[in-house]
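Notes to accompany the following structure.
The values are calculated or read from the model by the stated rules, or taken from the named source; none is laboratory data. All of these numbers come straight from a predicted model, not from anything done at the bench. FYI the Cβ positions are ideal-geometry reconstructions off the backbone, even for glycines, and counts take in every protein chain you see.
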Amino acid sequence: MRNKPLAFQEIEWWIVTFVFLILVLVNILSAGSSSFHYFPGNPTGYFARVFIPLILFLVFYLMHRVLIPRYRETNRKGPFIGYGLLIFTLSYILVSLFSVGSEITNSPFTPFYFTAMALYGGYLVWVLLLKEVFLPPKMDDFLTYNLLRLSSIFFFVVLFLFKFDFLVSRNISVILALFLPASILVVLYNFFLIYRMRLHGKQRASLWFNILLIVGFPGFLLFVGLMQQDPGTVLLGLGTGLVIQLVVLPLSDLAFEKYFGMKGKIETLSHQVDRGSADLRFLKSQINPHFLFNALNTLYGAALMENAEKTSDGIQKLGDMMRFMLHENQLDKIPLRREIEYLRNYLDLQMLRFKKEDNLEISIKLNEEHCEGTIAPMLLIPFVENAFKHGISTKNKSWIRINLRCLAGSVHLDVVNSLHPPKALKDPGDESGIGLDNVRKRLQVLYPDRHDLTIVSNDTEHFVHFSVRITPETQKP
C-alpha cells in the first residue's frame, strides 16, 4: 500500500456495482412492503424505483468503464465529449419519463438527475486534486493517497445514498453505509480463508469457511428479521447473502486470479530477460568455439601420441562439456541422460584434479536406471559445482557425497559437503556458472509445484535435496 497506488478503477467499479445491485434488489423484493413508501396510488412508482437506479448505473458503467479509459488511451477529446453528451442526454430523457410518470417530480425538469451527475463529476475533480497533492514525488509514498482516496469513495457513495433516499429506504441507506466497510472485510476474508485455501488444494477447509461466512452476517440478519417479523430485514439478509455469493466473492476471485496471472507473467518475462542477458554475456565472453575445439583436438592427438591416456581422456571430456554448453544449453528441454552425461564428465574432471588429496573423501553414486524423459538444461550441475567450490579444504578433512537416482517420472539428487571458513581473499569472479539463486528462479518459472528443493546448513556441513518431476520423452517439451 505504500509502494504503489491501489487499483482504484476496479475498486470503484466493485463498490458502485454492489450498492446499485443491493438497491435494485431491495426495491424489486419490497413491493407492497409498508416499510418502503411506494406511493400506493401510483403503481408506476414501483417501476421507477427499479429502472431509475439501473439507468444511473448504466451511465456510470459507460463513463467509468468505457469512455474514460478510452480517453486515457487515445487522448482524443472530441469523441469523449460527443459520446458523453449523448449518454447524458438519453439518460436524462429516460430518467425524466420515469420520474414524471411516477410523480416523483411534477415537471419535465428533473433536478435529482443533475445532482447525481454533479456528485459523480465532483468525485472525479476531487480525485484529480488528490493526485496533484498527495502522489509522489510530493509525498514520500502512496499510503496517504491510497487512504484518502478509499475514504473519498466511501464518502461520496454514502452521500449519494442519503441524497436519493426517495429511491430506497433510509434504513437501507444506513445499513449500506455500514455495510461498505464490511464488504472490504469480506474481500479480505475471502482472500485469506477461502481463495488461498482453495488455491492450496484445501477444498474442504475453503467450503467450511464459505459456509461460516454465509451463516455469519446474512444468516444473522435473516434470524433477526424472522424473530421480529420484519420483511425488510429478511429481504436485506437474503440480498446480502446473494450479493456476497454471486457478486463479491466471484469478482474478488477474478481480481485475485488476474493479479496472480499478471504477477506470473512478470516473473516469466523477468526470467526471460535475465536469461537473455546471461546468454548475451556468455556470447560476448566466449572465444571462437571452432578455434577452441581445434585446439582441444590437437592436444588430444598429442596426448595420445605421448601415451598420456588420462590427459587425453580429460581433454575429451572437457570438449564434450564445451559442446554441451554451446549447443544443448541453449535449448528449453534436453534428454535427461545428456544432463547426467554432462554431470558425469564434470565429476570425472574433478576426480582427476582432486584424486590425490588425502584429506578429501568423495562418494559418487549415479544410478541412471529409469532416467528417461526431458529436463531443462543445467539444473543439476549448480548444486554439484557448489559442493566442490565450498566443500574442499587443503588443510582440513573434507567430504563430498553425491547420490543421484531416478524414479518413474522424477529425478532426485542429494548432495552433502563439508563446510570450511571462507577464504581471506575471495575472487569476485569465482562464482558458480548459473548460481543457486538463478536455479531457484528457473524452477519457479519452469516447474511450479513440480519440484522440491531443500537446503540445510550448519557449522560443518551443507545438505541439498533436489527433486523434480520431469517430462516423458514421448511428450513435446
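Assorted remarks:
- Any hit, the range 80-87, residues being within 18 Å of residue 52 (Cβ to Cβ), at pLDDT 90 or above and either of a type outside the set (Asp, Glu) or not in a loop (DSSP other than H, G, I, E, B) (or both): yes
- Tally, over the range 430-447, of residues that are at pLDDT 85 or above and outside any helix (DSSP H, G or I): 1
- Yes/no for residue 354 being outside the structural domain of residue 385 (by TED's automatic domain parsing) and of a type in the set (Phe, Trp, Tyr): no
- The residue list 202, 163 contains one member that is among the basic types (Lys, Arg), at pLDDT below 85 and assigned by TED's automatic domain parsing to the domain that holds residue 255, which is 163.
- Considered as a group, the residues in the range 93-105 that are under 17 Å from residue 59 (Cα atoms) and in contact with a Ser or Thr (Cβ under 7 Å, 6 or more places away or on another chain) include one that is modelled with the lowest pLDDT, and that residue is 99.
- Residues considered: 371, 406. Of these, the only one that is at pLDDT 90 or above, under 36 Å from the mean Cα position of the chain (by Cα) and in the same structural domain as residue 455 (by TED's automatic domain parsing) is 406.
- Residue match in the range 283-304 (condition: modelled with pLDDT of 70 or more, within 46 Å of the chain's Cα centre (by Cα) and either in a loop (DSSP other than H, G, I, E, B) or surrounded by 14 or more Cβ atoms within 10 Å (Cβ to Cβ) (or both)): no
- Taking strands (runs of 3 or more DSSP E) as the structural unit, those lying wholly within the range 341-429 and holding at least 2 residues that are touching a helix residue (DSSP H, G or I) at 6+ places or on another chain (Cβ under 7 Å) and surrounded by fewer than 20 Cβ atoms within 10 Å (Cβ to Cβ) correspond to 360-366.
- Tabulated pairs, the range 94-111, first assigned by TED's automatic domain parsing to the domain that holds residue 52 and of a type in the set (Gly, Ala, Ser), second part of a helix (DSSP H, G or I) and surrounded by fewer than 18 Cβ atoms within 10 Å (Cβ to Cβ), C-beta under 8 angstrom, 6+ apart or interchain: 99/112; 101/44; 102/44; 102/47; 107/100
- Filtered residue count, the range 112-168, keeping only those that are of a type outside the set (A, V, I, L, M, F, W, C) and over 28 Å from the mean Cα position of the chain (by Cα): 10
So that you can scan it fast, the table gives a plain yes or no per residue for (1) surrounded by fewer than 16 Cβ atoms within 10 Å (Cβ to Cβ); (2) aromatic (Phe, Trp, Tyr):
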position: 98; (1), (2): no, yes
position: 109; (1), (2): yes, yes
position: 118; (1), (2): yes, no
position: 121; (1), (2): yes, no
position: 126; (1), (2): yes, yes
position: 134; (1), (2): no, yes
position: 143; (1), (2): yes, no
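- Of the set (1) modelled with pLDDT under 80; (2) touching a Ser or Thr at 6+ places or on another chain (Cβ under 9 Å), all apply to residue 336 but (1).
- Against the test of being at pLDDT 80 or above and under 20 Å from residue 471 (Cα atoms), the options 380, 347 yield a single qualifying residue, 380.
- Residue identified as basic (Lys, Arg), at pLDDT 75 or above and either over 18 Å from residue 446 (Cβ atoms) or in contact with a strand residue (DSSP E or B) (Cβ under 8 Å, 6 or more places away or on another chain) (or both) among 356, 265: 356
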